[in-house]
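To keep things clear, I will list the structure first and then write my remarks on it.
The values are calculated or read from the model by the stated rules, or taken from the named source; none is laboratory data. It should be emphasised that the depicted structure is a prediction, and the values quoted were computed from it without experimental measurement. FYI the Cβ positions are ideal-geometry reconstructions off the backbone, even for glycines, and counts take in every protein chain you see. With ligands, DNA and RNA removed, areas are computed over all heavy atoms of the protein, side chains included. Shrake-Rupley method; radii C 1.70, N 1.55, O 1.52, S 1.80 Å.
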Amino acid sequence: MKESIPIEAFLESYPEPIRIAADRLRRLVRQAEPDVIERVRLGWRLIGLDVAVGRRTRYFGWIGPEPKHVHIGFEHGILMADPERRLRGAHIRLKKVRYLTFTSVDQIDDREVMAFVRDAVRIAALTRAERLGLALDGWESAEPK
């Protein structure tokens, strides 16, 4: 495994409101998934979120700070339940990721974030075949009748 830097050191260069929002998202992720594995991924400039599945880990999401906002994103977001269409990223054609964006901690809805995290972990724990089946079911139900 590659060396990583501490998350606090990674967040240091961001404005205080972004650091505060990122820390709040990290706490919510840990509340929803206490066994989350966080790791700074310098190449992507984000905090990667993994979960243990058997003897392996699966990447399920990230917290991505930027100078003006912070994202929490989900690797298989296209498969997640989002009846209110809150998750962004559908405009990125052929991408499976989805995310929420916040410019301040006041915008974060704790229950919503934790529900999305739980769903992302559930989907990450599925086998590739199960995720494909979920995707096919979703596409079939979206087909015009």
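A few remarks follow.
- The chain, relative contact order [Cα under 8 Å, separation at least 6], %: 23
- Largest accessible area first, the listed residues GLU12, GLU33 line up as GLU12, GLU33 when surface is computed with a 1.4 Å probe on the assembled protein chains.
- For the range 1-62, applying the loop criterion from DSSP together with a ceiling of 11 other beta carbons within 10 Å to the trypsin sites (Lys or Arg not before Pro) yields LYS2, ARG55.
- A probe of 1.4 angstrom, applied to the heavy atoms of all protein chains, finds SER104 with accessible area near 40 square angstrom.
- Degrees, to the nearest 10: 110-124 long Cα axis against longest axis of the chain: 60
- Farthest toward positive dipole pole in the range 1-124 [+1 Lys/Arg, -1 Asp/Glu at C-beta], among VAL113, GLY89, HIS71: GLY89
- Subtracting the Cα-Cα distance of ARG86 and HIS69 from 0.36 nm times their residue separation leaves 4.5 nm of extension gain.
- Residue order by solvent-accessible surface for VAL97, VAL117 is VAL97, VAL117, largest first, with ligands and nucleic acids left out and a 1.4 Å probe.
- For the chain, the longest principal axis of the Cα atoms and the long axis of helix 128-142 meet at an angle of about 70 degrees.
- Degrees separating the helix 16-32 axis from the principal Cα axis of the chain, which is the longest one: 50
- Around the Cα centre of the range 39-98, unit charges on the Cβ atoms of Lys, Arg, Asp and Glu (plus for the first two, minus for the last two) sum to a dipole of about 180 debye.
- Placing pseudo-labels 7 Å out from each Cα toward the beta carbon at LEU42 and ARG111 gives an inter-label distance of 4.2 nm.
- Whether the range 1-121 is rounded, prolate or oblate, judged on the alpha carbon gyration tensor where a/c under 1.5 counts as rounded: rounded
- Put simply, when 80-92, 120-132 are sorted by average Cβ atoms within 10 angstrom per residue, most first, you get 120-132, 80-92.
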